[in-house]
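A quick write-up on the structure given underneath.
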Amino acid sequence: MHSERKLKSEEQAMKPRCSPDLVPADNALTRALENALRAVKEEYPFLDERVEEIAVSRRFTLVRLAGGGIGIAFSGDYEPPPEELVLGETTASELARYAWRHPSLTSLALAAVNAATGMLIEEKPGLNGLVRDRNIVEVINPGPDEAIALVGYIQGVARKLAAKTSKIVVYEDNPIHRALAREKGFTTYPGSQLLLDADNYDIIIATGASLLDPRITVVFTNAKRARLRGFIGPTSSFHIAAAKHLGADFIAGITIPSRHRDTVAKLVKAGYGFKRISRFVTKWIWLRP
């Protein structure tokens with residue numbers, strides 16, 4: 001018995017442990033993601049949220065759940081998440097608690113909740129307020145006199161918005177993407193400028209990648225004039241229940257069908273961006289009740 005106890009204690013000592021400074025934060029994004037997971041589990045009680053795999057590439061963080069679902073989120077040029085989270089046993093709920101603790105942890109939290117949400121959407125396609133294969137510009141239907149802020153340059157979306165109204169401003173932190181937007185004729189500013197300009201717009205569309213830092217929630221709070229605020233892209237592929245805490249009216253995300261999960265995982269790990277991955281996903285828009 002003594003040797004058996006000793007063996008167990010040695011095994012426990014070898015297990016990865018969280019660093020003392022790896023403390024979950026209590027903030028709007030954490031609460032939003034916890035709300036999203038709670039809603040997923042209420043509608044899909046068979047969800048297995050244990051994390052089976054974590055991978056970080058130059059474009060995306062990928063989380064695969066034990067139930068098979070995968071989710072992705074923009075990773076950015078940051079150091080990888082802590083080793084103890086990658087090597088240890090964890091769940092989507094646990095990862096959600098680290099949002100806004102650090103950009104890498106935020107990406108991990110988003111990817112995990114996106115994976116859980118994707119499994120729900122595939123299992124229950126008739127969710128209230130969710131529409132598939134619709135263009136976001138058609139759904140929000142901007143008027144010709146409405147001013148629109150696009151947070152993060154998405155060329156295709158910007159082009160379709162420009163066909164509806166000329167009052168579009170792109171807010172983009174990446175100087176290369178900002179230059180590309182200027183080449184296409186759009187007025188551009190760094191992202192932080194929108195903290196001052198937020199109340200100038202009728203519609204604000206932000207990429208999910210903007211959630212890697214808290215500025216966007218301040219923008220949405222300050223945008224008192226706006227009739228619509230929302231997120232778009234693979235990083236914001238979470239349950240609409242998250243929208244309340246983020247001040248959003250809609251979420252436009254993706255589901256990775258089970259037949260394409262391995263393919264998408266291989267492309268993500270190889271460093272491909274969303275343009276190459278998009279042919280293997282199903283796009284959707286979820287409107288807040």
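The values are calculated or read from the model by the stated rules, or taken from the named source; none is laboratory data. Keep in mind that what you see is a predicted model, and the values were worked out from it rather than measured. Don't worry about glycine lacking a Cβ; one is built from the backbone with ideal geometry, like all the others, and counts go over all protein chains shown. Surface areas here come from the heavy atoms of the whole protein model, side chains and all, with no ligands, DNA or RNA. Shrake-Rupley method; radii C 1.70, N 1.55, O 1.52, S 1.80 Å.
Within the range 52-77, work out how many residues are small (G, A, S) and without any contact (Cβ under 8 Å) to a residue 60 or more places away in the chain.
Qualifying residue count for the region: 3.
The rows are residues; the columns are (1) open to solvent by 20 Å² or more (accessible area, probe 1.4 Å); (2) touching a His at 6+ places or on another chain (Cβ under 6 Å); (3) assigned to a helix (DSSP H, G or I).
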position: I176; (1), (2), (3): yes, no, yes
position: A179; (1), (2), (3): yes, no, yes
position: R182; (1), (2), (3): yes, no, yes
position: I204; (1), (2), (3): no, no, no
position: T221; (1), (2), (3): yes, no, yes
position: A226; (1), (2), (3): no, no, no
position: I277; (1), (2), (3): no, no, yes
position: W284; (1), (2), (3): no, no, no
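Just one of (1) on the phi < 0 side of the Ramachandran plot; (2) in contact (Cβ under 8 Å) with a residue 40 or more places away in the chain; (3) not polar (S, T, N, Q) trips up E183, so point out which.
(2)
Return the only residue of A99, A115 being in contact (Cβ under 8 Å) with a residue 60 or more places away in the chain and of a type in the set (A, V, I, L, M).
A99
Taking into account only those residues within the range 28-54 that are closer than 18 Å to S258 by Cα and hydrophobic (A, V, I, L, M, F, W, C), which is surrounded by the most Cβ atoms within 10 Å (Cβ to Cβ)?
Looking at the filtered set, the residue picked out is V40.
Out of (1) aromatic (F, W, Y); (2) part of a strand (DSSP E or B); (3) open to solvent by 20 Å² or more (accessible area, probe 1.4 Å), the odd one out for Y153 is which?
Evaluating Y153 over (1) aromatic (F, W, Y); (2) part of a strand (DSSP E or B); (3) open to solvent by 20 Å² or more (accessible area, probe 1.4 Å) leaves (2) as the failure.
To keep it simple, each residue is scored yes or no on (1) at pLDDT 95 or above; (2) open to solvent by less than 70 Å² (accessible area, probe 1.4 Å); (3) out of contact with any strand residue (DSSP E or B) (no Cβ under 8 Å at 6 or more places or on another chain).
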{"site": "I121", "(1), (2), (3)": "yes, yes, no"}
{"site": "R132", "(1), (2), (3)": "no, no, no"}
{"site": "K164", "(1), (2), (3)": "no, no, yes"}
{"site": "E172", "(1), (2), (3)": "yes, yes, no"}
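Within the range 230-242, identify whether any single residue is in contact (Cβ under 8 Å) with a residue 60 or more places away in the chain and open to solvent by 60 Å² or more (accessible area, probe 1.4 Å), and answer yes or no.
No; the residues of the range 230-242 include none that is in contact (Cβ under 8 Å) with a residue 60 or more places away in the chain and open to solvent by 60 Å² or more (accessible area, probe 1.4 Å).
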